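Structure, as C-alpha cells:
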Amino acid sequence: MDLVSRHRITTVRCVLDHRIDPDRPRQALPTLVICGGHRTELYRLATDLPRRYDDLDRAHGTPGPRGPGIPTGIPFDDDIAEHRTHMVSVVASWCGAIASERGITPPADLHMDALAAWLYRHLEWVAAREHMVVALLGELRQISGRALHLADIRARRVPLAAQCLTHTGGTRCTGQVSIVIRGDDWTAHCETCDTIQDVGPYLRGVRSGKWITGEGVIMLARLCGLPCSPDVVRQWHHRRRITGQRQKDGSVLYSLASVQAYLTKRQPPIVSKRMAG
C-alpha cells in the first residue's frame with residue numbers, strides 16, 4: 001500500500017449523521033466509510049430482520065377488512081400483512097442491487113431468513129461504499145422501526161448483573177446487560193452500548209446456544225419470578241412441559257427454546273416498557 005492510500009484510510013470521516021454531538025467528526029474504520037458505532041448498528045439491524053419479520057407474524061392487531069375466503073375467526077391485520085411483504089421486497093431489492101454491482105448471483109431463496117443471511121455476508125462491502133451504506137442503513141432503520149411499531153409486543157426486562165461482552169476497538173464495554181423477554185423471544189440488551197445480543201453467552205450452563213443444564217433452567221425460572229428447584233425441573237421434564245436429552249454421564253440437557261417457551265406461558269400478565277430499538 002502506498003503512502004497516499006495509507007493516509008486516506010486513516011483520515012476518512014464517517015459519512016453518516018450522529019444523534020449525539022452531531023458536529024463532532026468521527027473517524028471511519030479502516031477501509032470503510034462509517035464509524036464503529038454505525039457498523040455495529042448496520043450488522044444488528046440486518047441480524048434482527050428475521051426476528052422483526054416473525055414478530056409481525058405473532059402480532060395480533062385490530063382486524064381490518066377481510067377478503068373473500070378469509071374466515072372471521074382468523075386474526076388478520078392489513079397493515080401488518082402489507083409491511084411483511086414490504087420488508088421482503090426491500091431486502092430482496094438490496095440483495096439484487098448488491099449482486100448486480102458485484103457481478104455475482106443474487107439469492108434464489110426469497111424467504112426472509114435466506115435474504116437476511118445473504119445480505120449479512122455482504123455488509124462489509126456495502127460499508128465501504130458511501131452511496132450504498134447511507135441508503136441501506138436508512139431503509140433498514142425504517143422497516144425495522146415500522147415492524148416494532150406494528151408488532152407492539154410488550155417486553156419484560158430482567159437485570160442480569162453481567163458485564164456486556166461487546167468489544168469496540170479492543171476495549172470491552174463496561175455496561176451490564178438485561179434479559180429482554182418479548183413473547184417467546186429472549187435477547188440480551190446493553191443500554192450502555194445499545195446493542196441487542198444473543199442471550200446464550202450470558203446464561204449459565206448453555207451449550208452450543210441450544211441446550212441448557214438444570215442449573216440454567218432454575219436460574220431462568222427465578223429470573224421470571226417462578227420458584228424452582230432440581231425436583232421442579234425434573235417434574236417439568238417428566239410432564240413434557242420442557243424437552244431434554246440424557247447425556248452419557250446420566251445428566252440431562254434441556255432444550256433452551258422449550259424452556260423459554262414454557263416460562264413465557266407461566267409468567268403472570270405484566271405491564272412493562274416496550275423494548276426500544
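Could you list all residues from region 9-28 that are under 23 Å from the mean Cα position of the chain (by Cα) and either touching a residue at least 40 places away in the same chain (Cβ under 8 Å) or surrounded by 17 or more Cβ atoms within 10 Å (Cβ to Cβ) (or both)? Residue satisfying the conditions is Leu16 alone. Here is a list: Gly69, Gly73, Gly64. Which entry is surrounded by fewer than 18 Cβ atoms within 10 Å (Cβ to Cβ), touching an Asp or Glu at 6+ places or on another chain (Cβ under 8 Å), outside any helix (DSSP H, G or I) and modelled with pLDDT under 95? Just a single option satisfies the conditions, and that option is Gly64. Within region 224-238, restricting attention to residues that are assigned to a loop (DSSP other than H, G, I, E, B) and either touching a strand residue (DSSP E or B) at 6+ places or on another chain (Cβ under 6 Å) or not aliphatic (A, V, I, L, M) (or both), the residue that is surrounded by the fewest Cβ atoms within 10 Å (Cβ to Cβ) is Pro227. Of the residues making up region 243-258, just one is under 14 Å from Glu215 (Cα atoms) and β-branched (Val, Ile, Thr), namely Val252.
So in region 209-223, with the set limited to residues that are in a loop (DSSP other than H, G, I, E, B) and either closer than 12 Å to Ala257 by Cα or assigned by TED's automatic domain parsing to the domain that holds Ile179 (or both), which one is modelled with the lowest pLDDT?
The residue in question is Gly209.
The values are calculated or read from the model by the stated rules, or taken from the named source; none is laboratory data. The model shown is predicted, which means the values in this text are computed figures rather than measured ones. When we count neighbours, we look across all protein chains shown, and the Cβ atoms used for this are built from the backbone with ideal geometry, even at glycine.
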